[in-house]
Amino acid sequence: MISVEDIRKSFGPLEVIKGVSFNVSQGEVVCIIGPSGSGKSTILRCINGLETYNSGAITFDGIKIDPGDKSIVNVRTQLSMVFQRFNLFPHRTALENVIEGPVQVKREKKADAMERGRELLDKVGLSGKLDAYPGSLSGGQQQRVAIARALAMRPKAILFDEPTSALDPELVGEVLSVMRDLANEGMTMVVVTHEMGFAREVADRVLFLESGVIMEEGSASELLRNPKHERTKDFLHRVINPLE
Amino acid sequence: MSDYLARSAQYFPLLLEGVTLTIVVTLGSVFLSSILGLVWAIMAVSKSRILRGISRTFITIIRGIPIIVQLFYIYFVLPELGVNLTALQAGIIGLGLAYSAYQAENFRAGIEAIDKGQIEAAHSIGMTDGLIMRRVILPQAVRIVLPPFGNTIIMLLKDSSLVSTITVAELTRQGQLIASSTFDNMTVFTLVALMYLAMAVPLTFLTRHLEKRYATS
Ligand SMILES: Nc1ncnc2c1ncn2[C@@H]1O[C@H](COP(=O)(O)OP(=O)(O)OP(=O)(O)O)[C@@H](O)[C@H]1O
Ligand SMILES: [Mg+2]
């Protein structure tokens, strides 16, 4: 469904993605792990057309991702993204945030969109917060609204960029459990995360990215239990034992 | 003293006519400068280098020429090029253009204060640039822009007196005309000053109120 073929990306003189390829098929959950600055966010942003790439090709359902082309709007309505810092619209309530895309972009009837918006907020455990503004919600609640906003587009796949990294530790679980439910329902997901427990339990495949290249990739159990590459071992060791 | 009041009463109707024109000029140029200012601001933050360049060039030119010279240019020079405007039209267009440059700076600051993450989130649900401007940026920018906007209106109210130099019979001009025929400078200009104050003070309170209201949110 998502195909990334040998993409390269530079910011000025600095090449940050140095030939990355992978595929994500329908219903698959792929986790991307790797140290800070390795290019994880950049890859997701390229897939969503928020960033241009210098060479290679990304396609979604056979459509080439081209941030400069009108087709990107169509792609984005089918490929949602959830951000580290939630990025809700602060001047709109939880429900208004969720229906914004369906009503303004997909031109759904407002009443229908509200109905479904309520269902989605209920699904992420926020039926009591329909009319709350983002500023009055906790980080975990905001991120769940953001997930509902992504789902409201009825996407074929969702990209998550470190969705729990900005959360207080006790709020991480509520967001991960919503994501696990989605995975169990068969949603196609690409998740950049440092939550190894989540990757182990939910991911079909894990990619280890370092300095703009995929160093190692494999099934979650394989890569996380028996990493082959020294760098992967190092990284996992540091994530699991941060004080050593 | 009663003599003073009697003379005031005599000048009052003429000055009120001036007040009416002052209000017309102020409102007209507030309207024009807001629309144009918004256009420059949107151009200034657009992706197109050309649009950004046009906006920057225009603002630089406008800010570098005294308003009174701009007014003279529009009223006295344009007719030579075949563009004839009434004094009132020239006054509103001149002040509107001049102030659009200041408004643009204010609007641009408001637009740029919106967190980039929200704009990316809006893109990621398929919103186009125009939709993002209308649904995400402008509704939030308004809160940031309103208090300085109030100050701009007050400044425009006072600077509307500049159009007296191109024969628009607004408050200042009426004052000058009465004073030069009666030599009663003291009474006339005291009245003129009080009338400006009567218009500006409520606006000042309104602006302070807006500042307080939006400073907290
Ligand atoms: N807009 C930009 N301009 C210049 N350099 C950038 C830009 N965005 C990212 N970079 C650089 O690209 C590299 C990869 O960044 P990226 O955000 O993709 O890393 P990441 O793996 O997501 O890191 P983190 O775990 O900290 O989020 C970094 O060196 C970063 O400094
Ligand atoms: Mg990142």
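The values are calculated or read from the model by the stated rules, or taken from the named source; none is laboratory data. Bear in mind the structure is a predicted one, so any value in this text is a computation, not a measurement. Heads up, the Cβs are rebuilt from the backbone with ideal geometry, glycines too, and the neighbour counts pull from every protein chain shown. Only protein heavy atoms, including side chains, enter the accessible area calculation; ligands, DNA and RNA are left aside. Shrake-Rupley method; radii C 1.70, N 1.55, O 1.52, S 1.80 Å.
Within the protein assembly as shown, what percent of beta bridges assigned by DSSP are antiparallel, to the nearest 5?
Working: 21 of 38 bridges.
Expressed as a percentage, antiparallel bridges in the protein assembly as shown total about 55.
Quick check: at a probe of 1.4 Å, how many percent of the accessible area of segment B:121-217 sits on carbon and sulfur atoms? Intermediate results must be reported in sequence, preceding the final value.
Numbers: 3140 of 4700 Å².
Carbon plus sulfur share of accessible area: 67 percent.
With label points built 7 Å along Cα→Cβ from the Cα atoms of A:N226 and B:M155, find their separation and express it in nm.
According to this spin-label approximation, the distance is 7.2 nm.
Just how much of B:H123 is accessible, in Å², when a 1.4 Å probe is used and the result is rounded to the nearest 10?
40 Å²
Have a look at B:L78, A:G37, B:I93 and report the one farthest towards the positive end of the charge dipole of the protein assembly as shown, computed about the Cα centre with Cβ charges (Lys/Arg +1, Asp/Glu -1).
Checked the options; the winner is B:L78.
Roughly how much accessible area, to the nearest 100 Å², goes out of reach of solvent when A and B pair up, both sides summed, probe 1.4 Å?
1700 Å²
Wrap a convex hull around the Cα atoms of the protein assembly as shown, take a quarter of its surface area, and give that in square nanometres.
Orientation-averaged projected area of the Cα hull: 30.5 nm².
When ligands, DNA and RNA are left out and all protein chains stay put, how many square angstrom of accessible area per residue does segment B:102-215 have with a 1.4 Å probe?
Spelled out: the 1.4 Å probe surface of segment B:102-215, per residue, equals 46 Å².
Could you give the Stokes-Einstein D for segment A:102-145 in µm² per second, using the C-alpha Kirkwood radius, 10 °C, 1.306 mPa s?
Result for D is 143 µm²/s.
For every helix of n ≥ 4 consecutive DSSP H residues, a contribution of -39,500 (n - 2.57) applies; sum these over chain A, divide by its total residues, and give [θ] at 222 nm rounded to the nearest 500 deg cm²/dmol. Show your work: numbers first, answer last.
Working: 9 runs with 91 residues, N = 244.
Mean residue ellipticity at 222 nm (helix-derived): -11000 deg cm²/dmol.
What do you get for the angle between helix B:171-182 and the principal long axis of chain B? Use alpha-carbon atoms, 0 to 90 degrees, nearest ten.
The angle comes out near 10 degrees.
Let's test the formula: R0 of 25 Å, r as the Cβ-Cβ distance of B:F12 and B:L203. What FRET efficiency results, to the nearest 0.05?
Working: r = 22 Å, r/R0 = 0.88.
Given R0 = 25 Å and the Cβ-Cβ separation, E is 0.70.
Only protein chains counted, 1.4 angstrom probe. Which residues of segment A:67-103 are at least 20 Å² less accessible in the assembly than when their chain is isolated?
Those residues are A:V73, A:R76, A:F83, A:R85, A:N87, A:F89, A:P90, A:H91, A:R92, A:E100.
Can you tell me what share of the DSSP beta bridges in segment A:148-235 is antiparallel? A percent to the nearest 5 is fine. All intermediate terms of the calculation are to be shown ahead of the outcome.
On the way: 6 of 11 bridges.
So the antiparallel bridges amount to about 55 percent of the total.
For segment A:1-127, which whole percent of the accessible surface, found with a 1.4 angstrom probe, sits on carbon and sulfur atoms?
The nonpolar share, carbon plus sulfur, comes to 46 percent.
Just the accessible area per residue of chain A, please: how many Å² with a 1.4 Å probe?
Per residue, chain A has 43 Å² of solvent-accessible surface.
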